[in-house]
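*Asks:* Have a look at this one.
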Amino acid sequence: MVSMGYSIIPLRVLMKNDDGTLESTLDSYHDCIGSEQELFLREKAIMMEKKNMCRTYLAIGGRSRIMGYFSIGLRCMKVPQPVDAEGVAVKDDRFTVRMNVDPDSRVAQSYLIGQLSRSKDAPKGFGTELMKDAVDMLKGANQIVGCRLVRVDCDDRLVDYYSRFGFRLIRKNDDRDLNQMAYILRTEN
């Protein structure tokens with residue numbers, strides 16, 4: 001197995017200590033699948049950090065190269081199924097998840113993994129490591145604020161990928177171009 005030695009560094013820390021090379025470092029990133037994730041890192045991540053809309057974390061490997069990154073934030077999620085007084089939503093007969101859904105509005109508070117990206121140079125399987133890092137970080141956030149629902153919005157080609165991590169399809173978003181998927185954090189009380 002290939003060694004995956006890396007450190008998770010918050011983008012805001014790099015912004016604070018920027019010696020003028022941060023933007024060129026972000027511009028040098030190449031995602032393993034497509035340009036959407038490259039575009040986010042190059043054009044949106046710094047702005048979203050400054051506006052406190054999300055936090056981006058870079059996986060920095062040898063020679064200070066970006067092996068991948070993820071961003072996390074907070075978002076409400078509509079749950080289309082009826083819910084009972086305890087906020088239990090039923091997707092179908094096989095899928096019942098306790099998501100802390102408000103029974104009147106059918107909205108659940110959730111963490112959002114807005115981006116998850118592996119560099120084309122990172123070893124196969126590194127996306128799994130990034131997902132573990134993101135979930136571990138959200139478990140820590142759960143201890144502080146108590147939210148346990150994690151959401152990803154993805155296109156059809158990534159539904160199976162996120163399903164392998166335990167995410168369940170909830171619904172298509174309002175524009176019907178992305179799938180909203182949910183995962184319940186497993187935490188110790």
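FYI, it's all coordinate maths here, none of it is from the lab. None of these values were measured; they are calculated from a predicted model. Heads up, the Cβs are rebuilt from the backbone with ideal geometry, glycines too, and the neighbour counts pull from every protein chain shown.
*Asks:* Looking only at the stretch 113-138, how many residues end up being polar (S, T, N, Q) and in a helix (DSSP H, G or I)? Walk me through it before giving the result.
*Replies:* Of the stretch 113-138, the ones polar (S, T, N, Q) are 115, 117, 119, 128.
Then drop every residue that is not in a helix (DSSP H, G or I), which leaves 128.
Here the count works out to 1.
*Asks:* Starting from the stretch 125-145, take each residue that is within 12 Å of T187 (Cβ to Cβ) and list its partners that are surrounded by fewer than 18 Cβ atoms within 10 Å (Cβ to Cβ) and not hydrophobic (A, V, I, L, M, F, W, C), counting only C-beta distances under 7 angstrom and pairs at least six apart or across chains.
*Replies:* K139/T187; N142/T187
*Asks:* Could you please find all residues in the stretch 130-154 being within 17 Å of M77 (Cβ to Cβ) and more than 14 Å from the chain's Cα centre (by Cα)?
*Replies:* The answer is N142, V145, G146, C147.
*Asks:* I'm trying to understand the selection: among the residues of the stretch 139-168, which are outside any loop (DSSP other than H, G, I, E, B), surrounded by 20 or more Cβ atoms within 10 Å (Cβ to Cβ) and not basic (K, R)? Let's see the steps before the verdict.
*Replies:* First pass over the stretch 139-168, keeping only residues outside any loop (DSSP other than H, G, I, E, B): 139-145, 149-154, 156-163, 168.
Then keep just the ones that are surrounded by 20 or more Cβ atoms within 10 Å (Cβ to Cβ); that gives 149-152, 162.
Selection gives L149, V150, V152, Y162.
One line per residue, one yes/no per condition, for (1) on the phi > 0 side of the Ramachandran plot; (2) among the polar types (S, T, N, Q); (3) loosely packed, with under 10 Cβ neighbours inside 10 Å:
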site	(1), (2), (3)
P10	no, no, no
S24	no, yes, yes
D31	no, no, no
F40	no, no, no
A45	no, no, no
M48	no, no, no
N52	yes, yes, yes
